[in-house]
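Following: one structure in structure tokens, then a few remarks.
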Amino acid sequence: MRLTARWRKRAGALRLEARVLFLAVRHPRTPWYAKALALVVLGYALSPIDLIPDFLPVLGQLDDLLIIPAGLALVRRLIPASVLAECREKARARPNESGRRRPDQEGAPRLCGGAKPDHPTDEALSVF
């Protein structure tokens, strides 16, 4: 197997697991403390404040590489296995359940590429 194919496979698995955790945290049978820890890990990942500042070589990035995966692993251990299995099935069944339509789906708005504008402002936007 080529290197790019392996990386694509790993990226797909990571995307699936992220979707599973997203669904599991929103599941009603997930304990409140697992939801709270998931929120703390997400907050730490997005926060500009770190335990070790990022401008320190190696150590600044190392805390992010250790704390965030460890926190996510702990969140997965706190979520019941039945909930994870149910969310994994749901994530595999509907991989793009974000509620937004992709541009190639039927009914999605199209302003460019031969679509006729319904409103004068759509015509102005169709240039872009």
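The values are calculated or read from the model by the stated rules, or taken from the named source; none is laboratory data. This structure is a prediction, so every number in the text was calculated from the model and none was measured. Cβ: placed from backbone, ideal geometry, glycine included. Neighbour counts: every protein chain shown.
Some notes on this structure:
- In this entry, residue 29 passes the filter for residues that are modelled with pLDDT of 90 or more and either loosely packed, with under 10 Cβ neighbours inside 10 Å or in contact with a Pro (Cβ under 8 Å, 6 or more places away or on another chain) (or both).
- Residue in the range 36-48 that is outside any helix (DSSP H, G or I), surrounded by 13 or more Cβ atoms within 10 Å (Cβ to Cβ) and among the polar types (S, T, N, Q) present: no
- Residues of the range 64-79 satisfying the condition of being within 17 Å of residue 47 (Cβ to Cβ) and surrounded by fewer than 14 Cβ atoms within 10 Å (Cβ to Cβ): 65, 66, 69, 70
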